[in-house]
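The values are calculated or read from the model by the stated rules, or taken from the named source; none is laboratory data. Predicted model only: the values in this text are computed from it and were never measured. Here the Cβ is made from the backbone with ideal geometry for all residues, glycine too, and neighbour counts use every protein chain on show. Note: accessible area is taken over every heavy atom of the protein model, side chains too, but ligands, DNA and RNA are not part of it. Shrake-Rupley method; radii C 1.70, N 1.55, O 1.52, S 1.80 Å.
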Amino acid sequence: MKMETERRKEEDSSIWHCDGLECVQVLYSLAWLGLDHDLGGFVSVTALAVLILFHLILVMLLWSYFAVVFTDPGSVPPNWKPLLDEERGDADPLTGSEYGGMPPDSVNPRIRYCRKCNQLKPPRCHHCSVCGRCVLKMDHHCVWVVNCVGALNYKYFLLFLFYTFLETTLVTLSLLPHFIAFFSDDEIPGTPSMLATTFLAFVLNLAFALSVLGFLIMHISLVAANTTTIEAYEKKTTPKWRYDLGRKRNFEQVFGMDKRYWFAPCYSEEDIRRMPALQGFEYPSKPDLDAQEF
C-alpha cells in the first residue's frame, strides 16, 4: 500500500512537471509567432533588439526555473540538535522530556519537535505533508516546480517569478500596437490564423504578467518583513516579528550581500561562508523579542 502511494505521488509530480514545462513551451511558441508577425519578420533593428532581449530574459528564466526544481530547499540532518536557545516552540510544542528521554532544557523547555519525523526542528522549519519531511524555512510546496520552496531555493523561486514577469510583459508590450489595431477600422495585414495567434499570444501573456505580478508583489512584501507565507499566517495577530531586522538586512538574508549575484540564481562563496541564514539553520533576531513563541 505504501509503495502504491509513493508511485502515485511520483506520477502526480511528473504530470505537474510536464504541465509546467508545456506551459513555458506554449507561451514561447505563441510569443515567437506573435512577435514574428508583429515585428515584420525580424527585419528591423527594433525587432532584432526585442528578439535578443526576449532570449536573454528567457535564458535567465529557465536558469532560475531549473535551479528551483533541482535545488533541495533544505532538510534537517538526522539527529540534529540545537546548540543554543534558538526558538520558543510551535503552536503545540513538546518539552525536552517528551522526546527520547532527553532531559528538559531549564532555560528553554519548549523545544520545537516534529511528531511526524520524530526529530527536533530548527527555527523557522516546518513539515511538508507532500514531501513527507521537514523543510528549512519552508515557504510553501509549489506543484509547478515539483518542489518545496525553502531556505536554499527561495531566492531562485523569486527570480523565476521576476523573469517570468519580465518575459510576459515584454511580449505583451511588443504585441500591444497590433492588438489595438484589431479594434480600428484600418485593414490589418496577415492571414486569419496569424492574426488569431497574435491575439491569443497577447491575451495569454497579459494574463500571465498580471497574475505573476500579484504573486511577486506578495513575496516582495514577505522578503521586506523577513517572513514566509507560513509564518505570515501564523503571526497574523502579532504586530512585531523577531526576525524583522530592517528591509536591507532582510533582503540580504535572501539574496546575499554580494550585489553581483542578486539577479542570478546562485550565491557567491563568500556570502555562503559569512551568512549562516543562507544555510537555513541560524537566523539573527531582535534580542528584545527572543521570547516570541513561533
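Close amide-amide hydrogen proximity is noted between Q119 and C114, each under 5 Å apart and 5 or more residues distant or on a separate chain (H modeled in the peptide plane; Pro and chain starts excluded).
Counted by Cβ distance under 9 Å from C134, the other residues give a net charge of +3, where Lys and Arg count +1 and Asp and Glu count -1. Within the accessible surface of the stretch 134-248, defined with a 1.4 Å probe on protein heavy atoms only, the carbon and sulfur portion equals 72 percent. Across the stretch 127-228, C-alpha contacts under 8 Å between residues 6 or more apart give a mean separation that, scaled by the residue count, equals a relative contact order of 26 percent. Peptide packing for 153-165, 209-221, 137-149 was compared via the average number of neighbouring C-beta atoms within 10 Å per residue; ordered from the highest value, the list is 153-165, 137-149, 209-221.
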